[in-house]
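The values are calculated or read from the model by the stated rules, or taken from the named source; none is laboratory data. Owing to the predicted nature of the structure, the values given are computational and were not obtained by experimental measurement. Neighbour counts run over all protein chains shown; Cβ positions are idealised from the backbone, glycine included.
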Amino acid sequence: MRIKAAVLPGAAQAVEVRDVDLAEPKAGEVLVRMAGSGVCASDLNVVDGKRQLVPYPAVLGHEAAGVVETVGPGVQRFSRGDHVVLTILPSCGRCLNCLRGRTNHCIVAADAMSAGNLLEGSSRLRDGDQRLNHFLTVSSFADCAVVAESNLTAIDAAMPLDRAALIGCAVLTGFGAVRNTAKVKRGDRVAVFGCGGVGLSAVQGARIAGADQIIAVDLQPNKLELAKAVGATHTVDAGKPDVPEAVRRAADNQGVDHAFEAAGRSETLAQAWQSLAVGGMVTVIGTLKSGSKLTLDAGPLIEEKRISGCYLGSSSPARDIPELVTLYLEGVLRLDELVSRRIGLTDLNDAFDRLRSGTEARQVVVFDGSEVAAGASV
């Protein structure tokens, strides 16, 4: 079938919206018509060449929600008309990591991603005679996407799909980092460095967990105001001197039990490390540039301070996505506030410029022709 897709020809180039060919789903695959797809820093990192995650040319986009159009042979869990969230966590169920319960680190999926394939091991996208690569097994900056069944989670049809898209990456990552990776407890003191979509989701995870102090750190005043609106108790201007000291003061002059680095910068990670209380932990959820090296003061290690990595919030989509949808529908999880701008596919290059500037919380591509998109705006 012919679809419109945003193709990235190579690093440091503009994306181009083209008519391309998408093959029908094979066994175990599903064709999804897109309703919304978030514009994420992981997409921008590939555009700017900060990280080489996929061969070029590629169709980007990975944080998405839509409606099932058709299913391939053997698909049991989905049927036409189902509302679904797409994630970058397909799994084979057979590799060593899957068998150990770490399906979010499936070895087969990792190999497929690095080659620009779907989980099955090949591409469904072409532009004439040219193969196009899939991004992180999703490629949602397009009218439709073919993905593995395990890329999908069915959701309540009452959930607006432009906001459901955010759950596929930003919310799973930020909220999951708090809930699953760090296991923040009631009464804990928390700082979040970087208040984009991921950081704001971490702020909300801390609020819902019952943290006492939730300190948001960012350069942008509008993001700090937004952080307060979704649960931050204190804010710190990241442009002021001695940010760690300001965070420690806000946390009873003791420092925080948990610091979440969501900006993807080694300098910010160092500030988060300096903000910890005795026994505290930094959870790194931002994506640092490939090859980045960290230099941290080793002294605090004697105080049993720790650093942890985190991939998509240590999430299990089948477990976490329905819960997050329920929290939104019950008014507990606030996603309306996170959508700072709705755009079309042809606006993506401008959206990437805005993302570079750091002024946006989350921009969402809303697709023409989706019966859900028209009613999805707040």
**OP:** Identify the single condition in (1) farther than 20 Å from Leu269 by Cα; (2) free of Cβ contacts under 8 Å to residues at least 12 places away in the same chain that Lys183 does not satisfy, given that it satisfies every other one.
**Re:** (1)
Subject >> Selection count, segment 130-187, where residues are surrounded by fewer than 24 Cβ atoms within 10 Å (Cβ to Cβ) and farther than 22 Å from Ile107 by Cα >> reply: 16
**OP:** Mind listing whichever residues of segment 222-252 are of a type in the set (D, E, K, R) and touching a residue at least 40 places away in the same chain (Cβ under 8 Å)?
**Re:** Lys223, Asp252
Subject >> Within segment 251-269, considering residues that are within 23 Å of the chain's Cα centre (by Cα) and not in a strand (DSSP E or B), the one surrounded by the fewest Cβ atoms within 10 Å (Cβ to Cβ) >> reply: Glu267
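Please find, within segment 270-285, the residue that is surrounded by the fewest Cβ atoms within 10 Å (Cβ to Cβ) out of those that are over 15 Å from Ala182 (Cβ atoms) and either modelled with pLDDT under 95 or out of contact with any Gly (no Cβ under 8 Å at 6 or more places or on another chain) (or both). Let's see the steps before the verdict.
Step one: of segment 270-285, the residues over 15 Å from Ala182 (Cβ atoms) are 270-271, 274, 278.
Narrowing the set further to residues that are either modelled with pLDDT under 95 or out of contact with any Gly (no Cβ under 8 Å at 6 or more places or on another chain) (or both) leaves 270-271, 274.
On the way: Ala270: 17, Gln271: 24, Gln274: 20.
If we take residues in segment 270-285 being over 15 Å from Ala182 (Cβ atoms) and either modelled with pLDDT under 95 or out of contact with any Gly (no Cβ under 8 Å at 6 or more places or on another chain) (or both), then Ala270 is surrounded by the fewest Cβ atoms within 10 Å (Cβ to Cβ).
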**OP:** Could you please find all residues in segment 1-17 being farther than 11 Å from Phe141 by Cβ and not in a strand (DSSP E or B)?
**Re:** Met1, Pro9, Gly10, Ala11, Ala12, Gln13, Ala14
Original post:
Which numbered condition trips up Gln363, out of (1) at pLDDT 95 or above; (2) in the same structural domain as Ala110 (by TED's automatic domain parsing); (3) in contact with an Asp or Glu (Cβ under 8 Å, 6 or more places away or on another chain)?
Top reply: (3)
Subject >> Residue in segment 327-347 that is surrounded by the fewest Cβ atoms within 10 Å (Cβ to Cβ), counting only those that are over 17 Å from the mean Cα position of the chain (by Cα) and among the hydrophobic types (A, V, I, L, M, F, W, C) >> reply: Val332
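Could you say which residue among Gly10, Gly36, Gly61 is assigned by TED's automatic domain parsing to the domain that holds Val365 and modelled with pLDDT under 95?
Working: Gly36 fails: modelled with pLDDT under 95; Gly61 fails: modelled with pLDDT under 95.
On inspection, the qualifying residue turns out to be Gly10.
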Original post:
Any idea which of (1) surrounded by 22 or more Cβ atoms within 10 Å (Cβ to Cβ); (2) within 16 Å of the chain's Cα centre (by Cα); (3) closer than 27 Å to Val7 by Cβ is the one Phe367 doesn't satisfy?
Top reply: (2)
Original post:
Which of the residues belonging to segment 270-317 are assigned to a strand (DSSP E or B) and free of Cβ contacts under 8 Å to residues at least 40 places away in the same chain?
Top reply: Leu276, Val278, Gly279, Gly280, Val282, Val284, Arg306, Ile307, Gly309
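The rows are residues; the columns are (1) under 20 Å from the mean Cα position of the chain (by Cα); (2) farther than 17 Å from Ile343 by Cβ.
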| site | (1), (2) |
| --- | --- |
| Ser37 | yes, no |
| Cys40 | yes, no |
| Leu53 | yes, yes |
| Leu60 | yes, no |
| Ala65 | yes, no |
| Arg77 | no, yes |
| Leu89 | yes, yes |
Original post:
Is it fair to say Leu288 is modelled with pLDDT under 95, assigned by TED's automatic domain parsing to the domain that holds Phe193, surrounded by 19 or more Cβ atoms within 10 Å (Cβ to Cβ) and closer than 23 Å to Leu355 by Cβ?
Top reply: yes
**OP:** Could you pull out the residue among Leu44, Leu89, Leu60, Leu99 that is more than 17 Å from Leu132 (Cβ to Cβ) and in contact with a Leu (Cβ under 6 Å, 6 or more places away or on another chain)?
**Re:** Leu44
